[in-house]
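One structure below.
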Amino acid sequence: MLEVGGSNPLTPTKKKILPGRIFFFAHQGIGLKVTLWVGNFWNKKCFRSFVLALIAAMFRKICSVLLCFISLGVYSSFGQALHATLSGYVKEEATGEALIGATVVLKEINKGVAANQYGFYSITVDKGTYTLSVTYLGFEEFSQVIELSGDLRLNISLKSKMVESKEVIITGEKESKNVTSSEMGAVRLSMEEIKALPAFLGEVDILKTIQLLPGVKSAGDGNTGFYVRGGGPDQNLILLDEAVVYNASHLLGFFSVFNGDAVKDVNLIKGGMPAQYGGRLSSVLDISMKEGNDQAYHVEGGIGIISSRLTVQGPIKKDTSSFILSGRRTYIDVLAKPFISSSSKYYGSGYYFYDLNAKLNYKLSDKDRLFLSGYFGRDVFDYKNSIANFDVNIPWGNSNAVLRWNHLFNDKLFLNTSAIFSDYQFSFGASQSGFDFRLYSGIRDWNGKMDFSYYPNSRHEIKFGMNYIFHTFTPSNATAQQGDVVFDLGKIMKQYAHEVALYITDDFDVTDKLRLNVGIRESYFIMVGPFDRYIHDVQGKIIDTTHYGTGQKVADYGGPEPRASLRYSLNKRISLKASYTHNYQYIHLASLSSVAMPTDVWVPCSDVVKPQIADQVALGYFQNFHNNTYESSVEVYYKKMQHQVEYKEGALPTDDTKDNADNNFVFGSGQSYGAEFFLKKRLGKLNGWIGYTLSWTTRNFPDLNNGQTFYAKYDRRHDVSFVSTYDLNAKWSFSLVWVYGTGNAITLPVARYFVEGNVVSQYSSLNELRMPAYHRMDVSATWKLKKFKHFEHSLNFAIFNVYNRQNPYFIYFDTQGSVQQGNLTIQAKQVSLFPILPSVTWNFKW
């Protein structure tokens, strides 16, 4: 347990911290002790000393743990005479890309491992002669007889299959992983599988694809926000090459920020979250970018009806270094401009988004590799009305940069060290007749982490490491000016926090039938000054201010986060699984909207806001059929959540100005439970999956709905998805998606009264009513055109919402007539976004 100046890790210390006072926090389990300077003496020098002391202390403990593992796993001279380690990297021969999850098996003893995120594998067995088999679906099997008389380093390149037979493979997963792994609620999707599905207006969308999986619910048309097992959108940890993406959507949620041409691998974890992940309650979406072809130069892209994209990749030095550069931009503004007259009052209005992905990698040696990757994306909306002299400019977007170093200490110990920068900024600017107003918010992280993978033998895979993040939060701030007159909307407020975590996990076989994954994550969070706490009276008026100096502690929290999952094999085709996770979340997304919007505000834990905590248990039955052609699963889960955050009733975005954002919050608890059914066909010309989720999600806030329990706004009783792809021949392929979901919970007027000539509405209980059910069908066809030497191209035809379903986006009430005239009518009307929408996209590759 982490203790910081107090005995309860979930309660801010009440002990007064004097300027310049020194206090300690200690990890009792492993003896971590760090001196933290607080008070008026906190400055850049002290901060640097603190970070260096923290890293040094953690590194000493990591080394202690490492030495312990080495003493356990590195055999004595007698043991080494009996055992040998086979290790190396698995990559694609044509591109040099690491093959994540490639299966490495020694057939005689039926022992194997899966390559990690960087393609590295390690297996320790008795010395002898073995038949090595390396497989990755969609690639030819590598088979070789090897003599293990000592440790052997063997790098393997797999050739892609030229699929012309009836059997078509669409995924890179291990054939039996569904039943053999200890993971629960984990799904890995290849980009080939994602690109085969119908795309909204021609844009391949990773987030819309994962919403087709059981347990993952969409926020409706035109929104890439997703909800996993009753959690909110802020409870999903979205990573791009390890960097956190705080807002994953373009065009107010219509498209995601992930360019499919730059992505290699997508891994979703919605159940038993391993200990190396933390900071969120519900799920992890871990997305890996391509590394770039280190064998030859390639260009690919596409031209659609609203956007185009282009990707260039190739070797800097063959077999040693490569790059990839990928860009995308919409051109709605460019296409519309010729049709808007320069005399129009709206001339100059427009919207566009763009994003850029880049990555470099360099192989320093067989033991050391460097990776540098980055992402930059922006949405820009401009509205101009020349008659009213009114201008609006709204830019928002993400910036990420990651520097990673892979080091192989020996055949059993692998290290990845990362330095990460993440930033999200939103700005709203408006001007009229000399009056200028600006509203802005954001969050910025500096993150350092070390992740070790240790493979003592074929039964164990041990991971351990540490993570440090420095957060800077900019909740809603506003400025206003009329000419030279500056209006007082309060000073610019920022909040600062440090987040630290240590973890260790072991994925091991207890017996041939029982496999366990057991881990623990110890996390600690401290919010520090400078910070002003505004104190309100019972009427909500600010009556006092408490000032915290630079570096002075405002509040701190922490505690252990145990994680465990198990798999018990009934036979080679059937297994039972169970998992338990205990998670802390120290940052929160405050939203006044029913869907995720760029205006939502990220805030940290403070003396008012406690960390969100979730406990989740899950049980599952997994079975494969017909030589792993079909895989199926049934999972049931229950999740209990504490310290959930919502805005108080009647709160407005402007309430955050000249005040602390968290003074407008209320707090409560939540729970979610349900069952998920999944059936997937993996092989053949016709493949796809069917998913169904039955679930309940409720919330209870003493200050909302009169303290009565209510359904969460993203509660959805039934959720169904049907996904199918069919390869007719070498030229034509087809796909179809159909989804159905219970309507979103909503609060609406249920009665109206006339009081002194005015209409007064009586509303239902919070989220008591439902919108109409949501359902939609999309289809697409891909025509591979004639190939010219090294140039390949195709046309993709897609239809979104085939039968033109008018799905609800929101409901409003239209009032006609008046009370005085006696002809007043009030009618509820539904707003729908998208009718049937056809699209054509030309894709090319050279």
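The values are calculated or read from the model by the stated rules, or taken from the named source; none is laboratory data. Bear in mind that the values here come from a model prediction, so they are computed numbers and not experimental data. Don't worry about glycine lacking a Cβ; one is built from the backbone with ideal geometry, like all the others, and counts go over all protein chains shown. Accessible surface is based on the protein model in full, side chains and every heavy atom, while ligands, DNA and RNA are left aside. Shrake-Rupley method; radii C 1.70, N 1.55, O 1.52, S 1.80 Å.
Between Rg and the Kirkwood Rh of region 253-311, both from Cα atoms, what is the Rg to Rh ratio?
Numbers: Rg = 15.7 Å, Rh = 14.4 Å.
Here the Rg-to-Rh quotient is 1.09.
Whole number in Å², please: accessible area per residue of region 778-846, 1.4 Å probe, ligands, DNA and RNA not counted.
On a per-residue basis, region 778-846 sits at 64 Å².
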Quiz prompt | Distance between region 534-549 and region 568-593 - C-alpha centres, whole angstrom | solution = 40 Å
Quiz prompt | Listed residues 696, 446 arranged by accessible area, highest first, probe 1.4 Å | solution = 446, 696
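Just want to confirm a number: the relative contact order over the chain, from Cα pairs under 8 angstrom separated by 6+ residues, in percent.
Values: 2341 pairs, mean separation 88.4, N = 846.
It comes to 10 percent, rounded to a whole number.
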Quiz item: With each run of n ≥ 4 DSSP H residues scored as -39500 (n - 2.57), what mean residue ellipticity at 222 nm is computed for the chain after dividing by its residue count and rounding to the nearest 500 deg cm²/dmol?
Solution: -2000 deg cm²/dmol
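Please state the equivalent ellipsoid semi-axes for region 260-354: what are the square roots of 5 times the Cα gyration tensor eigenvalues, largest first, in whole Å? All intermediate terms of the calculation are to be shown ahead of the outcome.
Values: eigenvalues 264, 124, 18 Å².
Ellipsoid half-lengths, sorted descending, are 36, 25, 9 Å.
If you take every DSSP beta bridge fully contained in the chain, what fraction is antiparallel? Give it as a percent rounded to 5. Before the final figure, lay out each step's value.
On the way: 346 of 356 bridges.
Within the chain, antiparallel bridges account for around 95 percent of the total.
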Quiz item: When the Karplus curve 6.51 cos²θ - 1.76 cosθ + 1.60 is applied with θ = phi - 60°, which whole-Hz ³J(HN,Hα) does each residue of region 412-427 get, with x for Gly and Pro?
Solution: 10, 10, 10, 10, 10, 10, 10, 10, 10, 10, 10, 8, 9, 9, 10, 9
Practice problem: Classify region 732-846 as rounded, prolate or oblate, taking a ≥ b ≥ c as the square roots of the eigenvalues of its Cα gyration tensor: rounded when a/c is under 1.5, otherwise prolate if a/b is larger than b/c and oblate if not. | Solution: prolate
Quiz prompt | Residues with amide H under 5 Å from that of residue 111, placed H, sequence gap 5 or more | solution = 106
Exercise. Working with all protein chains in place, sort 567, 717 by solvent-accessible area computed with a 1.4 Å probe, largest first.
Key: 717, 567
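Take the alpha carbon atoms of region 464-602, find their radius of gyration, then divide it by 2.2 N^0.38 Å using N residues; give the quotient. Could the numbers behind the result be given before it?
Working: Rg = 23.2 Å, N = 139, 2.2 N^0.38 = 14.3 Å.
Computed over Cα atoms of region 464-602, the ratio equals 1.62.
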Quiz prompt | Rel. contact order, % - alpha carbon contacts under 8 angstrom, at least six apart, region 172-317 | solution = 24 percent
Exercise. Report, to the nearest whole %, how much of the accessible area of region 336-448 belongs to carbon and sulfur atoms, 1.4 Å probe, protein only.
Key: 64 percent
Quiz item: Given a 1.4 Å probe, how much area per residue of region 205-356 is accessible, in Å²?
Solution: 29 Å²
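On the accessible surface of region 525-616, probed at 1.4 Å, how many percent belong to carbon and sulfur atoms? Numbers along the way, then the final one.
Numbers: 1930 of 3310 Å².
Carbon plus sulfur share of accessible area: 58 percent.
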Quiz item: Probe 1.4 Å, all protein chains in place: accessible area of residue 188 in Å², nearest 10?
Solution: 50 Å²
Quiz item: In straight Cα distance, which lysines are under 29 Å from residue 337, not counting same-chain residues fewer than 8 positions off?
Solution: 345, 384
Exercise. Excluding residues fewer than 8 places away in the same chain, name every one of the lysines whose C-alpha is closer than 16 Å to that of residue 491.
Key: 658
Exercise. Might you work out the accessible area of residue 192 for me, using a 1.4 Å probe with all protein chains in place, and round it to the nearest 10 Å²?
Key: 130 Å²
Self-check item: Computed Rg/Rh of region 632-716, alpha carbon atoms with Kirkwood Rh
Solution: 1.22
Quiz item: Can you list the aspartates and glutamates whose alpha carbon sits under 20 Å from that of residue 731, skipping same-chain ones fewer than 8 residues off?
Solution: 164, 167, 192, 193, 300, 792
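Order 631, 461, most accessible first, counting only protein heavy atoms with a 1.4 angstrom probe. Before the final figure, lay out the partial values.
Working: 631 15, 461 45 Å².
Highest to lowest solvent-accessible surface, that is 461, 631.
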Quiz item: Which whole-number value in Å² is the accessible area per residue of region 634-717, probe 1.4 Å?
Solution: 40 Å²
Quiz item: Of the heavy-atom accessible surface of region 740-844 (probe 1.4 angstrom), what whole percent is carbon and sulfur?
Solution: 57 percent
Quiz item: How large is ³J(HN,Hα) for each residue in region 511-516, as worked out from phi by the Karplus curve 6.51 cos²θ - 1.76 cosθ + 1.60 (θ = phi - 60°), to whole Hz, x for Gly and Pro?
Solution: 9, 5, 9, 10, 10, 10
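Summing Lys, Arg as +1 and Asp, Glu as -1, what charge do residues with Cβ under 13 Å from the Cβ of residue 424 carry, residue 424 excluded? Could you put the intermediate results ahead of the total?
On the way: positive: 378, 444; negative: 234, 379, 423, 445, 600.
With Lys, Arg at +1 and Asp, Glu at -1, the net is -3.
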